[in-house]
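A quick write-up on the structure given underneath.
The values are calculated or read from the model by the stated rules, or taken from the named source; none is laboratory data. Note that the structure is predicted; figures quoted are calculated from it, not measured. We place every Cβ from the backbone using ideal geometry, glycine too, and count neighbours over all the protein chains shown.
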Amino acid sequence: MYDYLIKLGSWAIIALTAICIISSGSQFNGTTYHLGEREALVTVPVNASHLNLTLFEKTENMTLINDAGKNVSFNSSYRFLQGDYIYNLTFADHVTGMLNYTMAVQGQMFIVPIREPVPQRIILPEGFTTGERSLGIARPEPDEFIEDGSRSILIWNNTTEIAYIEVNYYRKSAPQAMAIIMGILGLTGLVLLAQYYMSIRRLRAARMEMEREADGKRR
């Protein structure tokens, strides 16, 4: 029952997100990856009566929303070839809208093989960003980087010479946390260094005192 509710919730999120994208009048004519902490919602624009889709992992929850915001049924089949899942989607009529499906996200790294030279847009999870070399960057560098409220959006307009996109991302608070940690480590290092020099001085003073006492006894 719990798994069913999770799946039902995922489908609802897919439908709502697709409707919002369509109704917002977004003119982005490429593939969008809306990253969550465990799943990514992938949105592909459709203007056809059938579609061939090559994915690097299997998905079973595809939905098609037309430009009126209605769910459209379709026939789907796939075959596995040389590490890719090749889907064949057939619609009853010519459809203009958005195809949506989900894929797994592991950790804070997202890799997208480029199968077709179409624009790519990656929306990072809420509260995350990228670009700090010591914490994580995007390769290749995106053509556009947009901060939209609490989300960061990366866009590659020309992917004709790109084999894959890799994005390593982190929480927006991470640089500040790292600066605090480095400050604490630096302060700790200074304290240890001061204690080291104080110990050396005490040892030198003790040795000089012992030498004076020894000289006094010899006399």
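Of note:
- Restricted to region 52-64, and to residues there that are assigned to a strand (DSSP E or B) and exposed (fewer than 15 other Cβ atoms within 10 Å of the Cβ), the residue that is farthest from the chain's Cα centre (by Cα) is 52.
- Being modelled with pLDDT under 95, among the small types (Gly, Ala, Ser), touching a Ser or Thr at 6+ places or on another chain (Cβ under 7 Å) and surrounded by 13 or more Cβ atoms within 10 Å (Cβ to Cβ) is a description that does not apply to residue 131.
- Filtered residue count, region 134-164, keeping only those that are surrounded by 20 or more Cβ atoms within 10 Å (Cβ to Cβ) and over 17 Å from residue 34 (Cβ atoms): 1
- Of the criteria (1) more than 23 Å from residue 160 (Cα to Cα); (2) of a type outside the set (Lys, Arg); (3) in contact with a strand residue (DSSP E or B) (Cβ under 7 Å, 6 or more places away or on another chain); (4) without any contact (Cβ under 8 Å) to a residue 40 or more places away in the chain, which one residue 103 fails: (4)
- Verdict on residue 111 being under 20 Å from residue 169 (Cα atoms), assigned to a strand (DSSP E or B) and modelled with pLDDT of 90 or more: yes
- Within region 29-41, the set of residues being surrounded by 15 or more Cβ atoms within 10 Å (Cβ to Cβ) and more than 11 Å from residue 123 (Cβ to Cβ) comprises 30, 31, 39.
- Identity of the residue in region 69-94, without any contact (Cβ under 8 Å) to a residue 12 or more places away in the chain and part of a loop (DSSP other than H, G, I, E, B), that ends up surrounded by the most Cβ atoms within 10 Å (Cβ to Cβ): 70
- Total residues in region 83-130, condition of a type outside the set (A, V, I, L, M, F, W, C) and touching a helix residue (DSSP H, G or I) at 6+ places or on another chain (Cβ under 6 Å): 1
- For region 95-105, a residue qualifies if it is farther than 12 Å from residue 52 by Cα and in a strand (DSSP E or B), and the qualifying residues are 95, 96, 97, 98, 100, 101, 102, 103, 104.
- Qualifying positions in region 165-219 - at pLDDT 75 or above and closer than 30 Å to residue 140 by Cα: 165, 166, 167, 168, 169, 170, 171, 172
- Close pairs (9 angstrom Cβ cut-off, 6 or more residues apart or separate chains): assigned by TED's automatic domain parsing to the domain that holds residue 100 and outside any strand (DSSP E or B) in region 36-51, among the polar types (S, T, N, Q) and modelled with pLDDT of 95 or more anywhere: none
- Residue list for region 138-169, filter: outside any strand (DSSP E or B) and closer than 15 Å to residue 117 by Cα: 140, 142, 143, 157, 158, 159, 160, 161, 162, 163
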